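Since the structure comes first, as structure tokens, the remarks are kept for the end.
What follows draws every value from the coordinates through simple rules; no lab data is involved. Because the structure is predicted, anything quoted here is derived from the model rather than measured. Here the Cβ is made from the backbone with ideal geometry for all residues, glycine too, and neighbour counts use every protein chain on show.
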Amino acid sequence: MSDSYLTITVFRDERELAKSLADRLAADLARQPRQVLGLATGRTPVRLYHELGTLRAKGRADFSHVVTFNLDEFWGVSPRDPGSYRAFMDEHLFRRVEIRPEQINFLRGDAPDADQECARYDAAIASAGGIDIQLLGIGTNGHIGFNEPARELAARTHRVRLKESTRRSNAALFDGDVSRVPAEALSMGMGSILRARHIVLIATGKSKARCVQQLVNGPITTKLPASFLQLHASVEIFLDTAAAAGIAS
Ligand code: PGA
């Protein structure tokens with residue numbers, strides 16, 4: 001399919017992808033219960049999270065020893081705000097798999113000082129022993145976390161200004177009102193992401209076909225932050241047929 005370093009698996013549809021990845025993660029946890037998971041928000045991982053909830057309800061997935069770190073959070077937004085990424089994760093994953101608050105690490109969008117909050121987060125990741133498995137989505141513009149296309153990218157967790165396209169695609173969290181989507185966010189940096197021992201990127205739907213094609217076959221460029229994944233030794237990409245349209249042979 002391609003001569004990329006990346007390991008790519010294509011599933012018939014989103015449902016099959018989510019089930020397969022949920023089974024795989026549950027098996028990983030059965031083998032090694034204490035794992036540090038890097039987690040992502042967005043529409044893409046929702047099915048996966050619900051599948052994990054189903055496995056947990058059947059007693060087939062145990063999250064009691066897991067530690068989590070989410071990639072990003074809106075700046076100026078409290079974790080109790082229904083539009084926050086923390087609220088999203090509570091709804092779609094944490095309450096379903098019964099992850100206790102003390103297992104969860106999250107950037108605080110309402111911290112008094114953004115720089116200190118970002119430094120605190122990088123230190124917390126390091127003191128947890130680093131991330132074992134980092135789950136990623138990809139923006140249609142090639143962003144990962146909130147590392148947006150730019151002339152330069154940041155290695156560490158940092159404060160970012162969001163692109164208009166990114167704000168539009170997050171409007172659903174704010175009752176469809178783009179003007180209410182914060183203009184800034186805190187995000188793990190490229191280095192914080194690439195330090196994870198293993199990375200799993202999921203992309204579904206035809207709107208992702210172009211950035212997936214560039215990620216897999218294009219050059220490494222700050223114009224497509226996800227392209228830096230080509231430098232990592234252990235990356236798996238899970239696609240549905242629509243997102244794989246640009247790389248299918
Ligand atoms: P999406 O977002 O899952 O809502 O498409 C992905 C991302 O922006 O990383």
| request: Would you kindly state how much longer the chain becomes between S207 and E184 on full extension, computed as 0.36 nm times their sequence separation minus their alpha carbon distance, in nm to one decimal? | output: 5.9 nm
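Relative contact order of the stretch 1-100, please, whole-number percent, based on alpha carbon pairs below 8 angstrom and at least 6 residues apart. The partial results should precede the final answer.
Values: 109 pairs, mean separation 28.6, N = 100.
Once normalised by length, the contact order is 29 percent.
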| field | Per-residue HN-Hα couplings for the stretch 73-84 [Karplus 6.51, -1.76, 1.60; θ = phi - 60°; Hz; x = Gly/Pro] | value | 7, 5, 7, x, 10, 7, x, 7, 5, x, x, 6
| How high is the relative contact order of the stretch 33-151, given as a whole-number percent (alpha carbon pairs under 8 Å, six or more residues apart)? | 34 percent
| task | Report the relative contact order of the chain, percent, no decimals, based on alpha-carbon pairs under 8 angstrom and at least 6 residues apart. | result | 25 percent
| How far is it, in nm, from the label point at R60 to the one at R43 when both lie 7 Å from their Cα along the line to the Cβ? | 2.7 nm
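Once the Cβ-Cβ distance between R12 and A124 is put in as r, and R0 is 35 Å, what FRET efficiency do you end up with, to the nearest 0.05? If you can, show how the numbers build up before the last one.
On the way: r = 39 Å, r/R0 = 1.11.
It comes to 0.35.
Relative to the Cα centre, what is the charge dipole magnitude of the stretch 68-180, using +1 at the beta carbon of each Lys and Arg, -1 at the beta carbon of each Asp and Glu, and rounding to the nearest 20 debye? Walk me through the numbers on the way to the answer.
Working: 15 positive and 18 negative charges, 36 e Å.
It works out to roughly 180 debye.
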| field | DSSP beta bridge pairing in the chain, given as percent antiparallel to the nearest 5 | value | 30 percent
| note | Whole-Å distance linking the alpha carbon centroid of the stretch 162-191 with that of the stretch 119-157 is 16 Å
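How much length, in nm to one decimal, is gained on full extension between L231 and D28, taken as 0.36 nm per residue of separation minus their Cα-Cα distance? Walk me through the numbers before you get to the answer.
On the way: separation 203, 0.36 × 203 = 73.08 nm, distance 2.40 nm.
Fully extending the segment from L231 to D28 adds 70.7 nm.
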| task | Quick one: which residues, 5 or more positions from E184 or on another chain, have an amide H under 5 Å from its amide H? H modelled 1.01 Å from N in the peptide plane, none for Pro or chain starts. | result | W75, L162
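For a Förster distance of 22 Å, can you work out the FRET efficiency between the beta-carbons of R161 and S78, rounded to the nearest 0.05?
On the way: r = 20 Å, r/R0 = 0.91.
Efficiency at R0 = 22 Å is approximately 0.65.
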